[in-house]
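Following: one structure in structure tokens, then a few remarks.
Read-outs throughout are calculated quantities, based only on the coordinates presented, and are distinct from any laboratory measurement. Computed from a prediction, not measured in an experiment: that's the story for all the values here. Virtual Cβ from ideal backbone geometry, glycine too; neighbours counted across all protein chains shown.
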Ligand code: PMV
């Protein structure tokens, strides 16, 4: 029986920042992340021809495949994560995917530690699930997005897909999370270093350090976990100054693992000299973005812009993944 599928579905998912505990979270220590007000979007349309059309707006790429086999064999390897997503969905179908146009776009900088890949993965899975009425809940959406993330990062902690699915402020450890809901709003200034990073390189660097200096590295990662625990208390009591101190300590520990650099340090210095309570790299490091908190982030944003840095002032995204449909 041919189901009467949706004609058009649109799903959005937030990007993320890791406030505390990047890298240590990979080894099972707690971390704190925040879904942000920058979004990725996946639109899926039913089209008249049998084709699969894929439009990757941010990459300025348009692909047309005559069927699923051609799509899976010819979609370039740089988009292997999307290929994986299509495969995962197709495995849940009784007939091969066809007659569709998929469009992916994002307002999140790629390779910048803001969760662009996880956020597009979540939006893609959510849009497909609704389009074909596969009935996936957020847990399932996050799980499949995690499978897509594995294609790129190998052994991700799961914090990115979880945050891009649920939004909010999350305390995350070993694939489990809870929402920290005492603080309804938190403004964070994101500053782009201008250097895109590869998460896998930074992860390998810390893995090697762990092999070379196991005890020392363990202590540093453990300290990061303790910082995340203290940060949860400060978030609950809304003490942003103390939260800032903890960010600075976390930054020091990340730098000691060799994943900071002089541009990250420069941005941190500018932030702290101009009234920020705290400033640190976010995500994998070695480039990407810096996050700062404080009372007058708009002013700090202007100062950083004048020095040539791109900034984004973001808030907590309380929704997580969202779906719109038109039958
Ligand atoms: O890929 P990024 O920059 O969003 O970093 C992800 C955070 C890490 O802790 C470095 C990796 C992980 O899987 O948690």
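Need the C-alpha centroid separation for segment 182-217 versus segment 250-327, integer Å.
Measuring centre to centre over Cα atoms gives 13 Å.
Kirkwood hydrodynamic radius (Cα pairs, Å) of segment 65-219?
Details: mean 1/r = 0.0569 Å⁻¹.
Answer for segment 65-219: a Kirkwood hydrodynamic radius of 17.6 Å.
Across the chain, what fraction of all alpha-carbon pairs, as a whole percent, falls in each successive 20 Å bin from zero upward?
Result returned by the calculation: 33, 53, 13, 0.
For Cα pairs less than 8 Å apart in space and 6+ apart in sequence, what is the mean separation divided by the residue count of segment 77-166, i.e. the relative contact order in percent?
Relative contact order comes out at 34 percent.
Nearest 10 degrees is fine. How inclined is helix 80-90 to the longest principal axis of the chain, computing both from alpha carbons?
50 degrees
Taking segment 185-327 on its own, what percent of its Cα-Cα pair distances exceed 18 Å? Each step should come with its number before you reach the end.
Working: 6069 of 10153 pairs.
Percentage above 18 Å: 60.
Mind giving me the FRET efficiency for residue 298 and residue 67? R0 is 45 Å, r the Cβ-Cβ distance, nearest 0.05 is fine. Please list the in-between numbers first.
On the way: r = 51 Å, r/R0 = 1.14.
Efficiency, rounded to the nearest 0.05: 0.30.
What do you get for the angle between helix 240-256 and the principal long axis of the chain? Use alpha-carbon atoms, 0 to 90 degrees, nearest ten.
Taking Cα atoms only, the helix is inclined about 80 degrees.
Which FRET efficiency value, to the nearest 0.05, do you get for residue 150 and residue 184 by plugging their Cβ-Cβ distance into 1/(1 + (r/R0)^6) with R0 = 30 Å?
Working: r = 33 Å, r/R0 = 1.11.
The computed FRET efficiency comes out at 0.35.
Take the Cα of residue 87, step 7 Å along the line toward its Cβ, and report every residue of segment 125-159 whose backbone nitrogen sits under 18 Å from that point.
125, 143-156
Which FRET efficiency, nearest 0.05, do residue 306 and residue 95 yield, Cβ-Cβ r, R0 51 Å? Don't skip to the end; give the middle numbers.
Numbers: r = 57 Å, r/R0 = 1.11.
About 0.35, to the nearest 0.05.
Using Cα-Cα distances under 8 Å and only pairs 6 or more residues apart, what relative contact order does segment 200-325 have, in percent?
Details: 125 pairs, mean separation 23.8, N = 126.
Reported as a whole number, the value is 19 percent.
Over the chain, with a Gaussian network built from C-alpha contacts below 10 Å, which listed residue (233, 81, 212) shows the highest mean-square fluctuation?
For the chain, modelled as a Gaussian network with Cα springs under 10 Å, the answer is 212.
Does anyone have the angle between helix 199-212 and the longest principal axis of the chain? Alpha-carbon axes, 0 to 90°, nearest 10?
The answer is roughly 50 degrees.
Determine the relative contact order of the chain: mean sequence separation of Cα pairs under 8 Å and six or more apart, normalised by residue count, in whole percent. Before the final figure, lay out the partial values.
Numbers: 731 pairs, mean separation 87.6, N = 327.
Across the chain, relative contact order equals 27 percent.
State the volume of the convex hull built on the alpha-carbon positions of segment 155-247, expressed per residue in Å³ and rounded to an integer.
Residue-normalised Cα hull volume stands at 134 Å³.
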